[in-house]
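Read the structure below first, then the notes.
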Amino acid sequence: MNVISEIEVSYNPQRIVEYQISDSSKTYELMLSQWNWKEIEMLEEVKLIFLNRNNIVIGIYNLAKGGISQCTVDIRIILAVALKSLSTSIILVHNHPSGNLQPSQSDKEITKNLKEACKMVQIALIDHLIITKENYYSFADEGLL
């Protein structure tokens with residue numbers, strides 16, 4: 001007899017505080033409170049903010065932790081979390097341990113590919129931030145989204 005796994009999808013939001021994202025500075029402020037300060041200048045991390053229709057944060061997902069200069073960004077995982085959480089928009093955030101805020105070619109390609117993938121499932125990629133302890137770079141503010 002073959003046993004096939006049953007797939008179960010559930011959604012149980014537990015927001016303690018409602019935090020609304022209105023611009024890139026609010027995103028940066030939120031993410032600084034979520035980052036490990038002992039590692040922000042040591043290794044690269046990628047996190048995502050998932051939002052509802054009113055730009056209220058549903059949750060933050062730690063996607064990847066990498067080395068000094070790179071992380072793996074798997075778009076399938078991002079979309080799986082976005083769909084399961086019923087998000088209508090997302091913000092991609094990663095740090096540059098070097099302190100250089102300029103996006104790499106890889107950063108630009110990931111943004112382009114994620115934006116296209118999100119569009120297919122009617123989820124908006126509203127920003128991609130590169131952060132350091134002192135400042136940030138917003139793809140949306142720079143007109144790259």
Using a 10 Å cut-off on Cβ atoms, rank the peptides 70-83, 28-41 from the highest mean neighbour count down.
70-83, 28-41
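Could you check what % of the DSSP bridge pairs in the chain are antiparallel, to the nearest 5?
Working: 17 of 24 bridges.
Expressed as a percentage, antiparallel bridges in the chain total about 70.
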Just want to confirm a number: the relative contact order over the chain, from Cα pairs under 8 angstrom separated by 6+ residues, in percent.
23 percent
ALA124 versus LEU86, label points 7 Å from Cα toward the beta carbon: distance in nm?
1.9 nm
How do the peptides 88-94, 138-144 rank, highest first, by the average count of neighbouring beta carbon atoms within 10 Å per residue?
88-94, 138-144
Angle check, please: helix 105-120 long axis (alpha carbons) against the longest principal axis of the chain (alpha carbons), in degrees 0 to 90, nearest 10.
30 degrees
Could you tell me which of the pairs LYS84/LYS133; LYS47/LYS115; LYS26/LYS65; LYS47/LYS108 are separated by over 21 angstrom between their Cα atoms in the structure shown?
LYS84/LYS133; LYS26/LYS65
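Coordinate-derived values only; no laboratory data. Keep in mind that this is a model prediction, so the values were computed, not measured. FYI the Cβ positions are ideal-geometry reconstructions off the backbone, even for glycines, and counts take in every protein chain you see.
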